[in-house]
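Since every read-out is calculated from the coordinates, none of them should be taken as a lab result. These numbers come from a predicted model, not from an experiment. Here the Cβ positions follow ideal geometry from the backbone for every residue, glycine too, while neighbour counts run over all protein chains shown.
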Amino acid sequence: MTQQALPLEPFDVRRDRLDYYRWLQTEQLKEFGATFTDQHGETRSYAAWAPTALEAQGQLELDLPGYHKNHLIRQRLADRIEQRVLTICSALWLHKYVDRLRRARWSGAYGYSLSKGKAVVFWDDKAGLSRLCPDDAREEAMRLQRRVLDPLEALQADGHALHYCVFTTPNAAPGGLRAEMVRIGRRFREIFKAKNKHGELMFPEVKGALCVLEAPLSGARDWNVHLNVILVVKGYLDYQKLQRWWHWNVEMRKLPVGHGVVRGALTELIKYAVAATVAKSAEKAAAAELDAAGENDSHRRTPPPPMLEWSGEELLEWLKAMRGFRRTRTYGCLFRLKKPKAEDLGQIVWLGRVDMATDRYRLSSTLLDSIPEDKFSGRDLRERYEALKRALAPGGLKGAGTLGDSIPRDVLHRIKISA
């Protein structure tokens, strides 16, 4: 069933319509040997998609542990907000955060994109909170990369240099997070307007920037606000001059020219823009503990606490500061880049469902489960599929080699497969 552009209609109606199409196709797959008419008007058998279903299921099974980990993060964070934040602030938007985190990604339809050659999952519900949900963060990272990757590579190919930088300022005390987030952003924008005593631009070579703000809680329980930046430069950039102007610490390195270099730098950069702090801060805390173990007591650093260990006041301040704040900004030649087009997945073969069970996500494929065979034989799905091909081939059925581009609808119900 082809994903075709639908006429303009309310979003909820369109979503329900697409949900129905996915449900209808998976229902049709229940009867192994059922046929359909493709876009060219030819009659084909759903059975021909059994290899596709096996490949898609194999791909998704590798991703399920990660989905489960992110599911637990969402549930635990929802608990922390409810237990620690709502007791001191009962704003409606906080209640909605808890509800959206708890309802997100419990179930969905999965299929296979024929044009992309990959499995896809359309979840019944998402949190829509890229700063808190790891899965939303990953999807937002992919959209951001599609937006800036080609322009950055084109600028580098045109002779511009790209510099990866981290701009820091003194940590902000509790209660001062939002003010410092605004202050550091304003300070950075001055790079494009700062002038020397002669009224000339101090950094005319800086033509643009992709800037990402990060503000985790430090081990000292204050806010480590800093900017991760890719500077677009035409000409020579004097690191010492820039360091003196910024006043505080700036880490800088020039990106080499080469295949995949810009993509790698973007991956490093934008993970901060959309990473779920609840997950990343836990990873940083573990790394800091390992570093601290190798230091003597007089120099040992306190590792930053993961978000799940923040106090209600700390978590509330962070949530308030980030609400409505754009952490990712572009300047100069990168300003107002066009939004990337949605990824065209082409025709999707909808194959089954993915559902959160008691302890993990489980896949159910209506097509593969319909393969006629004794379900208690101990064979897995691939073995049952191979057994079916062996049973069909000797019969001389047309299309049996590919499991039936032209297998009659009910022929399989007349075939007795030997164990």
Item checked: Label-point separation, D238 to N196 (7 Å along Cα→Cβ), nm -> 0.6
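Please give the length that would be gained between R336 and K69 if that part of the chain were fully extended, namely 0.36 nm times their separation in residues minus their C-alpha to C-alpha distance (nm, one decimal).
Values: separation 267, 0.36 × 267 = 96.12 nm, distance 3.55 nm.
So the chain would gain 92.6 nm between R336 and K69.
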Item checked: Per-peptide average of other Cβ atoms within 10 Å, ordering 86-96, 317-327, 224-234 highest first -> 224-234, 317-327, 86-96
Note to self: Given a Förster distance of 51 Å, report the FRET efficiency between R189 and E42 from their Cβ-Cβ distance, rounded to the nearest 0.05.
What the structure shows: 0.30
Note to self: What FRET efficiency comes out for Q83 versus K126 if R0 is 22 angstrom and r is the Cβ-Cβ distance? Round to the nearest 0.05.
What the structure shows: 0.40
Next item on the list: Could you calculate the contour length gain from W248 to D369, that is, 0.36 nm times the residue separation minus the distance between their Cα atoms, to one decimal place in nm?
Entry: 37.3 nm
Next item on the list: Mind giving me the FRET efficiency for L345 and D158? R0 is 35 Å, r the Cβ-Cβ distance, nearest 0.05 is fine.
Entry: 0.65
Check: Full extension from S115 to D359: what is 0.36 nm times the residue separation minus their Cα-Cα distance, to one decimal in nm?
Finding: 84.5 nm
Item checked: From phi via Karplus (6.51, -1.76, 1.60), per-residue ³J(HN,Hα) for the range 341-357 in Hz, x at Gly/Pro -> 5, 4, 4, 7, 8, x, 6, 10, 8, 7, 10, x, 10, 10, 9, 7, 8
